[in-house]
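The values are calculated or read from the model by the stated rules, or taken from the named source; none is laboratory data. Every value quoted in this text rests on a predicted model; they were computed, and no experiment measured them. Backbone-built Cβ (ideal geometry, glycine too); neighbour counts: all protein chains shown. We work out accessible area using only protein heavy atoms, side chains counted, and drop any ligands, DNA or RNA first. Shrake-Rupley method; radii C 1.70, N 1.55, O 1.52, S 1.80 Å.
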Amino acid sequence: MNNQVNLVSQKQKVRHQQGFASLLFVLLIGLSLVIIVLGVFITLRGLQDSAITSHAQTQAEERSTIGVKALSNFLYSKTDTQISSITSGTITDKNGTLTGTANSTVATYVKSATCPTGAVTQYCFDVTASSGGASATIRTVYQKASIVGSTTLTGSVFAGGLVVGGNATFTGDVGNPISIAVGGTSAGQICTSNNCSSSYTAAQLLALGLTVTTYQSMTYISASDLKEYANYQFTSSGCYKLNFYTSTGTVMSKTSITCPITPNTDGTWSITDPASLPIGVLWFDNNLTIQLVLDSTLVNTIITTGTLTVNAPQVTGNTTKTVNNYAPYWYYSSATGSTSDGRVCGAYANTGVTTIPSQYCNYSTTSPTFNTSSLTGAGGIANILFLTNSTLTLDAGNSSKLILNYYGNLIASNGAGGTGNASGKFTGSGSINITGNLVMAGTTDTTTMTGNIKLDLSQSTAANSSVIPTVTYANGLRFIKYM
């Protein structure tokens, strides 16, 4: 009897435990569902974060690509000097068309110190953009290139103003008045006093064969533009010879040489006798002084980054003395000069390097001739007599018996829109006759003529001296890569 009671009690306990197991089973299923839901949620959140990150990265890459395009447009026409001065910068959305906020930052750029080197100059910039915590950097490599063309000067320019004082006279061509563009504080006027309290009237100018207009800002070729088109480079690091034909008719590469002219102790340069100069285009890095000599003729293109001062020889007695100075093309085309004497196109050499300038002369094993078709390109450099990035000073000497003739274009220009101190100073008692154009492109300094100087521009539109070269820079994007 007692055993039966105990058996029933055990069965009842088992049934009670089966109910607890059910509850435990339901609880485990619930926990599993919670874990599954949490897993799905976490997965969805991860996918969402990944999508957001991917979107942000895409936005950053898009902005950096836009930055590369903007930087490429910015650098395209910059000169070596201008690019060398650029180290970093910011690309902004000026109108807010990209970011929705005007003047907000699209990307930044910084010049890289690890840029490939080679025969052609290259520039490297890293363009970086960010968006939503993501960032993208693109390494860009630009390759230097330049396109040489030509332009025609149709008159003289005095961008900073012009003062003709004292007994100085200024004449043009009565039959075909010469146009002069004058800028500065007294734009459109040729002043006869420093404060321009008096100036030439239109009628007075016409009687002199001149007309005057207001100077409009322009970009003129500079010394740095023409450095690689010279035949000799005189620099602080040494002297170089280039752009001559070799004996086989190829063009020589840039070669280091012993300087034909010894620099002054302060690094400036002096030419003591133009007749002793080598043939071709001479390029100087620093201030240059030229001492003209009686019975000595200059036949060169002279270019310098610094000031250019041309001193007249001293004249005594009552005999008229004339000193002629020619740009190469004028000497070639004038009645008094030719290529036969070798002053323009040099001579052939059986071995090594000839003295035939490749920019504007035809290669020949007998008598080299001038290549007139070259005037539409680099050969137009032969129409430039003097070019300086600073002040051009022409001294007319101490005697009214001295006549100084300049055949070719005289340009004082530092490029970049014609700003800076590029101007002219003309002093002395002699006569200065310029056949060509006189371009003083600096807007900050006034060109002055004083003393008894006589400046004649009557032939400034002559075809053989009005064409000069232009250099357009095209710094192309060579390749890009994500960093």
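Do we find that residue 245 is outside any loop (DSSP other than H, G, I, E, B), more than 26 Å from residue 222 (Cβ to Cβ), under 28 Å from the mean Cα position of the chain (by Cα) and modelled with pLDDT of 95 or more in this structure?
yes
Of the strands (runs of 3 or more DSSP E) entirely within the stretch 114-181, those holding at least 1 residues that are over 28 Å from residue 74 (Cα atoms) occupy 156-158, 162-164, 169-171.
Evaluating residue 344 against the criteria (1) open to solvent by 10 Å² or more (accessible area, probe 1.4 Å); (2) not in a strand (DSSP E or B) leaves one unmet condition, (1).
Being modelled with pLDDT under 95, surrounded by 13 or more Cβ atoms within 10 Å (Cβ to Cβ), in contact with a helix residue (DSSP H, G or I) (Cβ under 9 Å, 6 or more places away or on another chain) and of a type outside the set (Val, Ile, Thr) is a property that holds for residue 226.
The strands (runs of 3 or more DSSP E) found entirely in the stretch 250-335 that carry 2 or more residues being closer than 18 Å to residue 388 by Cα are 269-271, 281-284, 288-291, 301-304, 308-311, 321-326. If I filter the stretch 196-209 for residues that are of a type in the set (A, V, I, L, M) and open to solvent by less than 70 Å² (accessible area, probe 1.4 Å), do I get at least one hit? Taking every residue of the stretch 196-209 in turn, at least one turns out to be of a type in the set (A, V, I, L, M) and open to solvent by less than 70 Å² (accessible area, probe 1.4 Å). Residue 286 meets all of the listed conditions (1) open to solvent by less than 40 Å² (accessible area, probe 1.4 Å); (2) modelled with pLDDT under 95; (3) not β-branched (Val, Ile, Thr) but one, namely (1). When the test is whether a residue is surrounded by fewer than 14 Cβ atoms within 10 Å (Cβ to Cβ) and of a type in the set (A, V, I, L, M, F, W, C), residue 181 does not pass it. Taking the listed residues 294, 375, 387, the one that is modelled with pLDDT of 90 or more and under 22 Å from residue 467 (Cα atoms) is 387, with no other qualifying. Here is a check on your reading of the model: is residue 95 over 24 Å from residue 479 (Cβ atoms) and either free of Cβ contacts under 8 Å to residues at least 40 places away in the same chain or open to solvent by 80 Å² or more (accessible area, probe 1.4 Å) (or both)? So residue 95 fits the description; yes.
For the stretch 180-197, the criterion of a residue being polar (S, T, N, Q) and closer than 26 Å to residue 468 by Cα is satisfied by no position.
For residues that are assigned to a strand (DSSP E or B) and free of Cβ contacts under 8 Å to residues at least 40 places away in the same chain, scanning just the stretch 222-242, find the one that is nearest to residue 344 (Cα to Cα). By that ranking, first place goes to 240.
Could you look through the stretch 379-400, keep only residues that are of a type in the set (Gly, Ala, Ser) and out of contact with any Leu (no Cβ under 9 Å at 6 or more places or on another chain), and pick out the one that is most open to solvent (accessible area, probe 1.4 Å)? The qualifying residue most open to solvent (accessible area, probe 1.4 Å) is 400. Would you please name the residue that is farthest from the chain's Cα centre (by Cα), looking only at residues in the stretch 369-378 that are open to solvent by less than 40 Å² (accessible area, probe 1.4 Å) and in contact (Cβ under 8 Å) with a residue 40 or more places away in the chain? If we take residues in the stretch 369-378 being open to solvent by less than 40 Å² (accessible area, probe 1.4 Å) and in contact (Cβ under 8 Å) with a residue 40 or more places away in the chain, then 370 is farthest from the chain's Cα centre (by Cα). Can residue 473 be described as modelled with pLDDT of 80 or more and among the aromatic types (Phe, Trp, Tyr)? Judged against the criteria, residue 473 is not a match.
Yes/no matrix, rows are residues, columns are (1) in contact with a strand residue (DSSP E or B) (Cβ under 9 Å, 6 or more places away or on another chain); (2) among the aromatic types (Phe, Trp, Tyr); (3) under 21 Å from residue 217 (Cα atoms):
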position	(1), (2), (3)
150	yes, no, yes
158	yes, yes, yes
164	yes, no, no
168	yes, no, no
176	no, no, no
179	yes, no, yes
182	yes, no, yes
187	yes, no, yes
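The condition of being polar (S, T, N, Q) and either touching a helix residue (DSSP H, G or I) at 6+ places or on another chain (Cβ under 6 Å) or closer than 24 Å to residue 79 by Cα (or both) holds for only one of 216, 204, that being 216. Among the residues making up the stretch 81-92, a single one is surrounded by 17 or more Cβ atoms within 10 Å (Cβ to Cβ) and under 17 Å from residue 147 (Cβ atoms): 83.
In this structure, residue 355 qualifies as within 26 Å of residue 253 (Cβ to Cβ) and among the β-branched types (Val, Ile, Thr). For the stretch 37-48, taking the residues that are among the β-branched types (Val, Ile, Thr) and open to solvent by less than 100 Å² (accessible area, probe 1.4 Å), the one that is modelled with the lowest pLDDT is identified as 43.
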